[in-house]
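Data first, discussion second: the structure below is written as structure tokens.
The values are calculated or read from the model by the stated rules, or taken from the named source; none is laboratory data. Being a predicted model, the structure only gives us computed values, none of them experimental. With ideal geometry, Cβ positions are generated from the backbone for all residues, glycine too; neighbour counts draw on all protein chains shown. For the accessible areas, the whole protein counts, side chains as well, though only heavy atoms, and no ligand, DNA or RNA atoms are used. Shrake-Rupley method; radii C 1.70, N 1.55, O 1.52, S 1.80 Å.
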Amino acid sequence: QVQLVESGGGLVQAGGSLRLSCAASGRTFANYAMGWFRQAPGKEREFVASISRSGGSTNYAYSVKGRFAISRDNAKNTVILQMNSLKPEDTAVYYCAAGTYASDNRLNYSYWGQGTQVTVSS
């Protein structure tokens, strides 16, 4: 089992920044690829970013590429999503997830956090 807890969400104006953190506990964090997904009201959960187990490979949704950055610290069992130049359409609940390999498919992730709300005002 892997337990994931997100933090860092909040209300920010368009153009601002937020830094989301996901703290992992349980099994060896470095054994898992990590992903961030988001879900807006009335919409399906969608891929945001993923990072490989070593942190050497990252992938982003087209809508956030160049604005968001995913990173991880295996010594601290933490994965970070740095979000810059935020837009109102980024408003959603953001979830971190752990899986065997990095993927943009949420079905490949076995463990999920409870989510943190991000609201971007115009």
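Here are a few things to note about the model shown:
- Residue within the range 3-25 that is open to solvent by less than 60 Å² (accessible area, probe 1.4 Å), at pLDDT below 95 and under 20 Å from Asn108 (Cα atoms) present: yes
- Qualifying strands (runs of 3 or more DSSP E) (wholly inside the range 33-108; at least 2 residues being within 19 Å of Val12 (Cα to Cα) and touching a Gly at 6+ places or on another chain (Cβ under 7 Å)): 92-99
- If you go through the range 83-97 and pick out every residue that is more than 12 Å from Phe37 (Cβ to Cβ), in contact (Cβ under 8 Å) with a residue 60 or more places away in the chain and surrounded by 13 or more Cβ atoms within 10 Å (Cβ to Cβ), you end up with 5.
- When residues of the range 31-69 are limited to those that are among the β-branched types (Val, Ile, Thr) and open to solvent by less than 30 Å² (accessible area, probe 1.4 Å), the one nearest to Gly16 (Cα to Cα): Val64
Yes/no matrix, rows are residues, columns are (1) open to solvent by 60 Å² or more (accessible area, probe 1.4 Å); (2) touching a helix residue (DSSP H, G or I) at 6+ places or on another chain (Cβ under 7 Å); (3) in contact (Cβ under 8 Å) with a residue 40 or more places away in the chain:
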{"residue": "Leu81", "(1), (2), (3)": "no, no, yes"}
{"residue": "Gly99", "(1), (2), (3)": "no, yes, yes"}
{"residue": "Leu107", "(1), (2), (3)": "yes, no, no"}
{"residue": "Thr116", "(1), (2), (3)": "no, no, yes"}
{"residue": "Ser122", "(1), (2), (3)": "yes, yes, yes"}
